[in-house]
Amino acid sequence: MTAFEKDIVALVRGALTGDTPPLSAEADYARIFEFGKRQQIIYLLYAGLCLVDGFEESVAGMNFLQAACSAMAAGVRQQQEIEQLRAAFSARGIDFMPLKGTLLRTLYPTPEMRQMGDADFLIREAQEEEAAEVMRALGYTGEAHEVVWQKPGALTVELPHDLIAEKHADLHAYYAAYDIWAHAKPVAGCEYRMTPEDEYIFDFLHFVKHFRTSGAGLPHVIDLYLLKARGPALDEAVLRDCFTALGCMDFYRNICALADCWFGQGTETAVIGRIVSLLFAGGIYGDAKTAARTRHAHYREQYRFAGAANWLHTACPPLAQQKKRYPILKKAPFLLPFTWILHGFVVLFRRPATIGSVTDAARGIDRDTDNDRFAELAAVGLRVNKDTFSKR
């Protein structure tokens, strides 16, 4: 790891343990600040920096304090909304399952250390309409068949009924064959919780999903480490069986080794160094350049005329995607061709810039023949092929 990467890890470790982080002589507070904002760990880094002598009196200390206070205030607002949603769903008899940060923040020394961009609740597909009524009554805007609901100044909420979207074909197929509700346990009211193993598997696969597409940042690894270090004991055999079947067992071993390197007594290896470089390269969910590289490699793997296929998929989106725009397709899928015509008029007259961006993307796919994105993923233990992602 570079000196900067070691400084970041030392600060995270210090925030979690309370031990003074040993920063390098060239520690750059301004660079650390920008990285913390990009990866949504500004409060975590601030907590680590507060253990460094003289930091709080420094010029950088005030910038960090303001950002940390903002993150804390947002966290308080989010938690108030989450509790309101819990009560409202239970009062209406809507089954729900909190996911990701909503649960993970309880594993941190203080909840504020785990910043959240949004709150996620899994709901049953049959209760989408009822959930939509609750969201609107609480001041959120959105549509019954859409996942994202927003309340400006308060919280963004995602209400999926699938744990992994269809475009991630292999991971979606795993959950399609595994009834997560049948294995979950009721907690209070209509709230359910996954088993500890299912929760870890989901959070790990969520990390895999982002890592192999646009990339992923440090919070995912920190979450996974804390799930094992401070959560209930896990049956490793269950994890191994799942990750082996999905072809990501090597990546799982490497992430465990990385966590041991950062928070235990493990040593850095060449593979760990590669993973760290990828984790530090972008934001919490990677970057657009990495996403484009993955998309280009995906198209060339699946289609002989990759650029043309990209054009066709943009002009004629698949049924699953169009259902989100036109809910009537759920009851009348035979209307799909008519929605393509409507989609064409919308793009032509309301979003003409899309045509140029699609043209550029198609050219990029055909031009970027030296893309080694899949080889890059294979080098850290993730096998990606034409069956990994759906054809759109």
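As a length-normalised measure over Cα pairs under 8 Å and 6 or more apart, the relative contact order of the chain settles at 15 percent. Between ARG92 and CYS316, the modelled labels are 3.8 nm apart [label points 7 Å from Cα along Cα→Cβ].
Surface analysis of region 91-198 yields an accessible area of 44 Å² per residue, using protein heavy atoms and a 1.4 Å probe. Round to the nearest 0.05 the FRET efficiency obtained for ARG325 and ALA176 when R0 = 22 Å and r is the Cβ-Cβ distance. So the FRET efficiency works out to roughly 0.45.
Starting from one equal scatterer on each C-alpha and no solvent at all, send me the Debye-based log10 I(q)/I(0) for the chain at q = 0.07 Å⁻¹, two decimals. Log10 of I(q)/I(0), two decimals: -0.36. Protein-only accessible surface at a 1.4 angstrom probe places the residues THR110, THR269 in the order THR269, THR110, largest first. In the chain, the portion of solvent-accessible area held by carbon and sulfur atoms comes to 55 percent [1.4 Å probe, whole percent, DNA, RNA and ligands not counted]. Highest mobility in the GNM of the chain, judged by mean-square fluctuation with C-alpha springs under 10 Å and restricted to ILE82, ILE284, ILE328, is found for ILE328.
The values are calculated or read from the model by the stated rules, or taken from the named source; none is laboratory data. The model shown is predicted, which means the values in this text are computed figures rather than measured ones. As a convention, Cβ positions derive from the backbone with ideal geometry for all residues, glycine included, and neighbour counts pool all protein chains shown. When the accessible area is computed, the model is the full protein with side chains, heavy atoms only, and any ligands, DNA or RNA have been set aside. Shrake-Rupley method; radii C 1.70, N 1.55, O 1.52, S 1.80 Å.
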